[in-house]
Structures are given as C-alpha cells and as structure tokens.
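Attaching a single structure in structure tokens format; questions to follow.
The values are calculated or read from the model by the stated rules, or taken from the named source; none is laboratory data. Source: prediction; values computed, not measured. Note: ideal-geometry Cβ built from the backbone for every residue, glycine included; neighbour counts use all protein chains shown.
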Amino acid sequence: MAMRSIFPMLLVVLVAGCSTPQDIRNHPPAFAGKSAKPKDQIVGCIATGWAEFFGFNMTTIPTPDRTTVILGGNLAGTDMIADVYADGRVEVEKRSATWLGKDKKLIAVVQGCM
C-alpha cells in the first residue's frame with residue numbers, strides 16, 4: 001500500500017524537473033558573448049568540450065539562423081543549451097537547478113571556445 005502512495009509523488013518530482021530547450025530560453029542567458037571565429041568552429045569546440053566533460057545525452061541542432069548545442073539532464077529534460085549564431089554571438093541558457101557547479105564548468109568551456 002505504501003508503494004502506491006510513493007509512486008505518484010516520485011513521478012511528480014521527476015516530471016517537474018524536466019525542462020525543454022524552449023523552457024530554458026524563457027530565462028535570461030547565463031552567459032552571452034561574441035566571437036570572431038566561424039560559427040561551425042565554435043559549435044564544434046563547445047560540443048567537443050561538453051562531451052569530454054559530460055558526454056552523454058548531447059546533440060546539436062542546426063537551423064537557418066543558429067546552431068544549438070543541447071546538453072540533456074541525467075534523468076530527462078535539458079540542463080543547458082548554447083545557441084551559436086552566424087554573426088558569432090553565443091548565448092548559453094541553463095536550467096535553474098544545477099548540481100556541483102556543473103554550469104560554471106560548462107560555461108567555462110564555452111568561454112574557452114570563443
């Protein structure tokens with residue numbers, strides 16, 4: 001009987017922690033900058049750096065105006081995204097809750113790529 005009451009609460013906690021890239025974009029950027037490097041070079045550097053640090057559940061999505069690098073969370077959802085625009089602008093958005101300073105390390109990777 002106790003398991004029946006615990007399972008719905010656990011499910012609510014897990015679902016509440018999920019974020020989509022659009023959810024994350026609704027917050028101000030955690031980092032914004034501009035680089036003279038080509039967009040593809042910046043994207044490749046960010047993707048490689050994030051993969052070395054926290055490699056699973058990562059993808060890139062190219063669109064006409066930007067390429068987005070998405071780092072998924074441990075269980076579900078999105079932890080952080082980096083939008084890299086053709087003019088060299090880079091914006092990093094993150095989920096509000098992160099663990100052990102992971103966001104600072106990932107932003108440092110982006111800064112090093114610029």
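Would you pick out the residues in segment 28-43 that are outside any strand (DSSP E or B) and out of contact with any Lys or Arg (no Cβ under 7 Å at 6 or more places or on another chain)? Outline the logic, then answer.
Just the residues of segment 28-43 that are outside any strand (DSSP E or B), to begin with: 28-30, 35-43.
Result: Pro28, Pro29, Ser35, Ala36, Lys37, Pro38, Lys39, Asp40, Gln41, Ile42, Val43.
Restricted to segment 45-67, and to residues that are of a type in the set (A, V, I, L, M) and free of Cβ contacts under 8 Å to residues at least 60 places away in the same chain, which residue is surrounded by the most Cβ atoms within 10 Å (Cβ to Cβ)? Even if it seems obvious, please write down each step before you answer.
Going residue by residue through segment 45-67, those that are of a type in the set (A, V, I, L, M) are 46-47, 51, 58, 61.
Still in the list and also free of Cβ contacts under 8 Å to residues at least 60 places away in the same chain: 47, 51, 58, 61.
On the way: Ala47: 22, Ala51: 14, Met58: 16, Ile61: 12.
Residue satisfying both the conditions and the ranking: Ala47.
State all residues of segment 92-106 that are within 14 Å of Lys34 (Cα to Cα) and either at pLDDT 95 or above or in a helix (DSSP H, G or I) (or both); if no residue qualifies, say none. Reasoning before the result, please.
Within segment 92-106, the first condition is being within 14 Å of Lys34 (Cα to Cα), and the residues that meet it are 92.
Passing the criteria: none in range.
I would also like to ask the following. Take segment 60-80 and flag every residue that is at pLDDT 90 or above and either among the charged types (D, E, K, R) or touching a helix residue (DSSP H, G or I) at 6+ places or on another chain (Cβ under 9 Å) (or both).
Thr60, Ile61, Pro62, Asp65, Arg66, Thr67, Thr68, Val69
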